[in-house]
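Colleague: Below is one structure. I have some questions about it.
The values are calculated or read from the model by the stated rules, or taken from the named source; none is laboratory data. Remember, it's a predicted structure, so these values are computed and weren't measured experimentally. All Cβ positions, even for glycine, are placed from backbone atoms using ideal geometry, and neighbour counts span all protein chains on display. The area values use the complete protein model at the heavy-atom level, side chains included, leaving out ligands, DNA and RNA. Shrake-Rupley method; radii C 1.70, N 1.55, O 1.52, S 1.80 Å.
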Amino acid sequence: MKKSLTLKEFLSIYGKNILKKSLEYHELDIKERECQNFATFGRLIIDTYHEDFTGFFLDSEIGILPDFDLIRYTKNSIFYMDFKDKADNSTLDKVKNKFIKQLPVLHSFNKENVFICLFEVEDLKFYVFDETGNKMVDSTLEDIYNFLKNYNSDILNNDLISDMKPKQYLIDPVREFDKFINNQYVLSSCQNSIVNSIANGNHGLYGVYGSGGTGKTLLALHLVKQDRFKKVAFFSQAT
């Protein structure tokens, strides 16, 4: 099981020969660039506020969504940060879309506060994702620090996302209609690819094949719910 990191702990081993062994101990398989980004963030917090924080996980994943670069869980909150070297308007738009895809999973844990942000490493800039407007908003290191400070008790030392089972993020849209209507589900990369192929193609008939339980019904109802499709007819063949 993955083990969490503290800022000071990571900075004490970063750039030293024991880094690899320490990451193996924490069961973390992360790239050098991610280590560098986390170290930069850690130094900013500690040098500015002289305070350590615990409970960080790097590179959490469940396979059907983009990775979560840096995440921290408490009893009542989730702190999630994405790293980018530079963030022009195009990059900000891509990160925003990534966050939108990840939201159902983040909210599936029913925390009272979910803080989602981007750290632009080269310019030491921060952006927060505003869920109400689905947009990226300028932020500051102080905003990040205040959230970590305000939710600094009841730290969870297990990586909730990496520990998720498929039944926690894959739904039956008929039996779990409330979750479907409230967008509390995610599509796999294959399902998203099909949606995009249909959206970018011509009107006509499309065949989707798959055995039972592979998400064909969810895909069809997801298409029905999209504003970009004016009419959708769904046919299924009994087996």
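Colleague: Tally time: how many residues in the range 95-120 are within 16 Å of ASP138 (Cα to Cα) and part of a helix (DSSP H, G or I)?
Modeller: Summing the residues that are within 16 Å of ASP138 (Cα to Cα) and part of a helix (DSSP H, G or I) in the range 95-120 gives 3.
Colleague: I need the full set of residues from the range 122-147 which are among the β-branched types (Val, Ile, Thr) and either open to solvent by 50 Å² or more (accessible area, probe 1.4 Å) or under 15 Å from the mean Cα position of the chain (by Cα) (or both), in order please.
Modeller: Listed by number, the residues that qualify are VAL128, THR132, VAL137, THR140.
Colleague: Within the range 93-121, can you find the residues that are among the aromatic types (Phe, Trp, Tyr) and surrounded by 18 or more Cβ atoms within 10 Å (Cβ to Cβ)?
Modeller: PHE99, PHE115, PHE119
Colleague: Testing ASN150 on (1) at pLDDT 85 or above; (2) under 19 Å from the mean Cα position of the chain (by Cα); (3) open to solvent by 60 Å² or more (accessible area, probe 1.4 Å), one condition comes back false. Which one is that?
Modeller: (2) is the only condition that ASN150 fails.
Colleague: How about the range 154-175: which of its residues are in a loop (DSSP other than H, G, I, E, B), at pLDDT 80 or above and surrounded by 15 or more Cβ atoms within 10 Å (Cβ to Cβ)?
Modeller: LEU156, ASP159, LEU160, ILE161, SER162, MET164, ASP172, PRO173
Colleague: In the range 18-40, which residue that is modelled with pLDDT under 70 and open to solvent by 40 Å² or more (accessible area, probe 1.4 Å) is farthest from the chain's Cα centre (by Cα)?
Modeller: ILE18
Colleague: For the range 176-187, name all the residues that are open to solvent by less than 90 Å² (accessible area, probe 1.4 Å) and among the hydrophobic types (A, V, I, L, M, F, W, C). Steps first, please.
Modeller: Taking the range 176-187 first, the residues open to solvent by less than 90 Å² (accessible area, probe 1.4 Å) are 176, 179-181, 183, 185-187.
If the condition is that a residue be open to solvent by less than 90 Å² (accessible area, probe 1.4 Å) and among the hydrophobic types (A, V, I, L, M, F, W, C), then PHE180, ILE181, VAL186, LEU187 are the ones that fit.
Colleague: Moving on to the next point. Quick one: in the range 145-188, which of the residues that are touching a residue at least 60 places away in the same chain (Cβ under 8 Å) and acidic (Asp, Glu) is farthest from LYS216 (Cα to Cα)?
Modeller: Only one residue tops the list, namely ASP154.
Colleague: Could you check how many residues of the range 190-212 are surrounded by 10 or more Cβ atoms within 10 Å (Cβ to Cβ) and under 19 Å from LYS167 (Cβ atoms)?
Modeller: 3
Residue-by-condition table, conditions (1) under 26 Å from LEU187 (Cα atoms); (2) without any contact (Cβ under 8 Å) to a residue 24 or more places away in the chain; (3) open to solvent by 10 Å² or more (accessible area, probe 1.4 Å); (4) in contact with a Gly (Cβ under 9 Å, 6 or more places away or on another chain):
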{"site": "GLY42", "(1), (2), (3), (4)": "no, no, no, no"}
{"site": "HIS50", "(1), (2), (3), (4)": "no, yes, yes, no"}
{"site": "LEU58", "(1), (2), (3), (4)": "yes, no, no, no"}
{"site": "ILE62", "(1), (2), (3), (4)": "yes, no, yes, no"}
{"site": "THR74", "(1), (2), (3), (4)": "no, no, no, yes"}
{"site": "ASP82", "(1), (2), (3), (4)": "yes, no, no, no"}
{"site": "THR91", "(1), (2), (3), (4)": "yes, yes, yes, no"}
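Colleague: Those residues that are assigned to a strand (DSSP E or B) and of a type in the set (Asp, Glu), I need them from the range 51-61; list them, please.
Modeller: If the condition is that a residue be assigned to a strand (DSSP E or B) and of a type in the set (Asp, Glu), then ASP59 is the only one that fits.
Colleague: Pairs under 8 Å by beta carbon, first residue part of a helix (DSSP H, G or I) in the range 5-26, partner at pLDDT below 70 and surrounded by fewer than 15 Cβ atoms within 10 Å (Cβ to Cβ), six or more apart or different chains?
Modeller: Pairs found: LEU23/ASP29.
Colleague: Of the residues ILE78, ILE64, ILE45, ILE71, which is at negative phi, among the β-branched types (Val, Ile, Thr), in a strand (DSSP E or B) and in contact with a helix residue (DSSP H, G or I) (Cβ under 7 Å, 6 or more places away or on another chain)?
Modeller: That would be ILE78, the only listed residue that is at negative phi, among the β-branched types (Val, Ile, Thr), in a strand (DSSP E or B) and in contact with a helix residue (DSSP H, G or I) (Cβ under 7 Å, 6 or more places away or on another chain).
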